1. Output the residues belonging to segment 259-291 that are within 30 Å of THR341 (Cα to Cα), among the small types (Gly, Ala, Ser) and touching a strand residue (DSSP E or B) at 6+ places or on another chain (Cβ under 7 Å).
2. Could you list, ordered by first residue, the pairs with Cβ atoms under 8 Å in which the first is in segment 77-97 and more than 23 Å from ILE272 (Cα to Cα) and the second is among the acidic types (Asp, Glu), at least 6 apart or interchain?
3. Go through LYS75, LYS3 for me and flag whichever is surrounded by fewer than 18 Cβ atoms within 10 Å (Cβ to Cβ) and either more than 29 Å from LYS221 (Cα to Cα) or of a type in the set (Phe, Trp, Tyr) (or both).
4. Restricting the search to segment 168-190, which residues are farther than 11 Å from ILE144 by Cα and in contact with an Asp or Glu (Cβ under 7 Å, 6 or more places away or on another chain)?
5. Name the one entry in GLY316, GLY299 that is closer than 19 Å to THR250 by Cβ, within 25 Å of the chain's Cα centre (by Cα) and assigned to a strand (DSSP E or B).
6. Hey, among LYS237, LYS206, LYS221, LYS262, which residue is without any contact (Cβ under 8 Å) to a residue 24 or more places away in the chain and either among the basic types (Lys, Arg) or buried (at least 20 other Cβ atoms within 10 Å of the Cβ) (or both)?
7. Given (1) closer than 25 Å to PRO26 by Cβ; (2) in contact with a helix residue (DSSP H, G or I) (Cβ under 7 Å, 6 or more places away or on another chain); (3) outside the structural domain of GLY226 (by TED's automatic domain parsing), identify the lone condition not met by GLU152.
8. Which residues, taken from segment 282-296, are at negative phi, surrounded by 16 or more Cβ atoms within 10 Å (Cβ to Cβ) and either part of a loop (DSSP other than H, G, I, E, B) or among the basic types (Lys, Arg) (or both)?
Amino acid sequence: MKKTVLNSKHHAMGAKMVEFGGYEMPVQYSGVIQEHMAVRNAVGIFDVSHMGQFFIEGPNAEPLLQYITTNDVSKLNIGQAQYSAFPNEHGGVVDDLIVYKLEDQKYLLVVNASNIDKDWKFVQLYNQKFNANITNQSAEYGLIALQGPKAEEILLQFTNVNVHDVPYYHFTIGNIGDVENVIISNTGYTGSGGYELYIKNEEVEKVWDLILNAGTKENEKVEPCGLASRDTLRLEKGYCLYGNELNDTTSPIEAGLGWITKFSKEFLGKGIIEKQKLNGVSRKLVGFILDSKGIARHGYKIVDNNGNTVGEVTSGTMSPMLQKGIGLAYVSTENANVGSTLYIQVRDKNLPAIVSKLPFV
């Protein structure tokens with residue numbers, strides 16, 4: 001297993017460690033609910049240094065990105081980020097990612113840890129036509145996510161950048177303590193506000209320690225958080241996770257990602273995806289709330305009133321905020337209307353669930 005630069009810190013703090021995306025990662029420290037609620041109400045810190053970083057530069061950088069991502073890169077200003085996806089020629093999703101415009105003709109792509117090698121081969125393959133300058137610097141960067149409503153207060157203790165003036169899905173480059181050239185991005189995967197900090201590996205421990213030992217005016221500590229609370233937080237907001245809601249055979253339209261799919265430009269697989277947009281799809285990603293006790297898990301079958309299979313759960317958990325079982329699932333389009341009743345097959349029971357609007361909280 002690969003290790004992030006903060007691996008020894010996690011062990012020293014007594015984190016429970018698991019394999020994720022080829023890395024040994026902390027799944028929890030104090031406990032999922034405590035970590036979850038700290039992010040919703042105050043502030044938590046995550047090591048997400050397993051994520052991948054590709055740099056795309058030169059006069060052909062934008063043409064390459066326009067072809068291999070679904071969103072419209074030409075709309076980006078310097079200092080702006082964009083959620084997007086790599087499509088394949090069959091209309092599926094190779095990965096979801098964030099594109100940062102660092103300078104004219106210079107972009108940073110942030111991809112999922114489990115897909116770094118696959119994504120890099122994908123970029124290399126299609127760059128043969130464009131000849132942009134591409135580098136995979138995933139092994140050189142660490143990434144810390146400081147999330148929650150008090151994240152700004154914590155960060156302002158250590159930077160001369162007024163992060164309050166950095167809008168959502170924008171970024172700036174500044175200092176954290178005496179560490180310079182940190183990409184400070186108003187993004188995150190929790191839905192509670194906060195920042196993601198891109199730092200060269202040799203400086204990551206210094207920034208981690210600085211932030212972890214800080215506190216708010218109300219003496220709230222920065223809570224170290226693991227992958228388990230990251231998952232419950234993203235699920236309450238209905239955010240997709242690659243390998244669960246997205247994969248090589250899932251279309252952006254089915255996944256509800258039409259908003260990051262721009263047909264005003266040419267891109268890989270456009271013809272197939274545009275037909276789906278115009279003609280509709282046979283299944284859709286929906287949120288559901290269980291109407292009784294229980295937790296739906298990835299892979300559980302979903303049936304209708306008559307016992308016919310109509311879908312499958314992609315992600316499920318117990319929501320710390322709602323104190324109910326929630327989840328995401330692909331279901332047939334006729335069963336995807338908000339308010340519809342579905343039945344999740346949990347062992348030998350069919351548990352009723354109601355199709356819900358997203359986000360859940």
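The values are calculated or read from the model by the stated rules, or taken from the named source; none is laboratory data. Keep in mind the model is a prediction, meaning the values are calculated, not measured. Ideal geometry is used to build each Cβ from the backbone, glycine not excepted, and the neighbour counts take in all protein chains shown.
1. SER282, GLY287
2. Here the result reads ILE78/GLU103; ILE78/ASP104, each pair linking segment 77-97 to a residue that is among the acidic types (Asp, Glu).
3. LYS75
4. VAL179, THR187
5. On the way: GLY299 fails: assigned to a strand (DSSP E or B).
After ruling out the rest, the residue left standing is GLY316.
6. So the residue among LYS237, LYS206, LYS221, LYS262 that is without any contact (Cβ under 8 Å) to a residue 24 or more places away in the chain and either among the basic types (Lys, Arg) or buried (at least 20 other Cβ atoms within 10 Å of the Cβ) (or both) is LYS221.
7. It fails just one condition, (3).
8. ARG283, LYS284, ASP291, ILE295, ALA296
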